[in-house]
């Protein structure tokens, strides 16, 4: 969307020694995985699986990739179904066929792929026991890597589902194409991110190169060390209290301007002569374009000008019918409803853009006050008030797309009666409007030239800002509680889970140590 602002444009760090005692909550446990710490992150999970099942590293990685790096899932399958079922499902073969020495095998080996007899040292046996020549294995591996199927390359033997040893793949491919072997290595390493439900790339643009790992619930909002805040579940901008599904529908609607297109489709027809759009403003089906061409509104066909109560000259269509009124009125209603919610949504975006100037001016105001009124020691209320203003603005901004879908006919039309919907809407809008009122008042006081006030008036402004900041925070909590408990809760909609609200905002992910710090 053209009017989207990144969080960097208006992000404010909450004060560490917060004097206003916002609730002592803990956000989700998140870690930033850099290029340097990616191997270390993999190593922890690999060692857990290797230790439990007494496996080699490549077998452990095969299990982890198959189970999307969910160690707990691997342990659960192991306990419930046993080791054989666990291995078979993932394509892991732990027999020692692949470790036979050359002295134990014949000097000449027939490759069943190219039907050639070659020296045993020019062949390779995988853990499953199947042996083919190195050239055939290499061709097989190269094709799989080029096609992007290198995470789980299976044996070439007919109906064999065993996953090939990554070390042998690496050795054979590197002998022919070192760059392709390096690509294979990168893909294996990055599978920890690509195949892991608990890890996602930071969606920053340009990309910072970091990934984020969430330890607990994936329905949360996270912040990378680069400053990018996003919804972990859908990787879009942080959008609560709007659910991921609602946000996807809203962004598409805004991009497509689907309601406007719907209105144009219902209310206009192209002239059959000049193709300009013509709007019908009367009840009769005979309309005339500015170019002079007459045509039938119902079918769009060209006609003559003369008509009577039965039909139009040279045309068989009848007069205007009632279903046209219903269709047009419904389109108008939907368009006006969309415009209402989009205007309020856009108004908060515009306010955020305008209030960004506060960020640039606040430190200057504080410096002036410190020089002019040194007896006032604490100015945390200024930065905290600005932070609370932007935090609350964000909640209000996303509350309008939520309301559009919550109380419309798009998602829940069969789960609420008209009366229930009306009650829920009134309850939500009461909370929303109260929060909006307090946020506007907070904005008003923060924009005042309080750096020019005398001491008494500065203290009066401080008290007002402190109170309104706390009230706004409480208002955000109540709005979330209303959504979770009164609106979505009774509907039991698993597809509309929202990220929880935290007074101090999205918690910044901590750095995962690299290999040199393990």
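We did not get these values from a lab; they are worked out from the coordinates using the rules stated. Not measured: the values here are computed from a predicted model. Cβ sites come from the backbone with ideal geometry, for glycine too, and all protein chains shown count toward neighbours.
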| message | On alpha carbon coordinates alone, what is the Rg over Rh value for region 97-176, Rh being the Kirkwood radius? | response | 0.94
| query | What FRET efficiency do you get for residue 377 and residue 510 if R0 is 30 Å and r is their Cβ-Cβ distance, rounded to the nearest 0.05? | reply | 0.40
| request: Could you work out the relative contact order of the chain, using alpha carbon pairs under 8 angstrom and six or more residues apart, expressed as a whole percent? | output: 20 percent
| request: Pairs of Cα atoms under 8 Å, at least six residues apart: use those to get the relative contact order of region 368-518, whole percent. | output: 31 percent
| In vacuo Debye scattering of the chain, one point per C-alpha: log10 I(q)/I(0) at q = 0.11 Å⁻¹? | -1.02
| query | For residue 187 and residue 256, what does the FRET efficiency come to when R0 = 45 Å and r is the distance between their Cβ atoms, rounded to the nearest 0.05? | reply | 0.80
| said: Take residue 180 and residue 279, extend 7 Å from each Cα along the Cα→Cβ direction, and tell me the distance between the two endpoints in nm. | reply: 6.3 nm
| request: Could you work out the relative contact order of region 26-165, using alpha carbon pairs under 8 angstrom and six or more residues apart, expressed as a whole percent? | output: 17 percent
| query | What is the spin-label model distance, in nm, from residue 147 to residue 359 if the labels are put 7 Å beyond Cα along the C-beta direction? | reply | 4.9 nm
| message | Testing the spin-label approximation: label points 7 Å from Cα along Cα→Cβ at residue 305 and residue 495. State their distance in nm. | response | 5.4 nm
| message | Given the DSSP H assignment, sum -39500 (n - 2.57) over each helix run of at least 4 residues in the chain and divide by its residue total; what's the result at 222 nm in deg cm²/dmol, nearest 500? | response | -16500 deg cm²/dmol
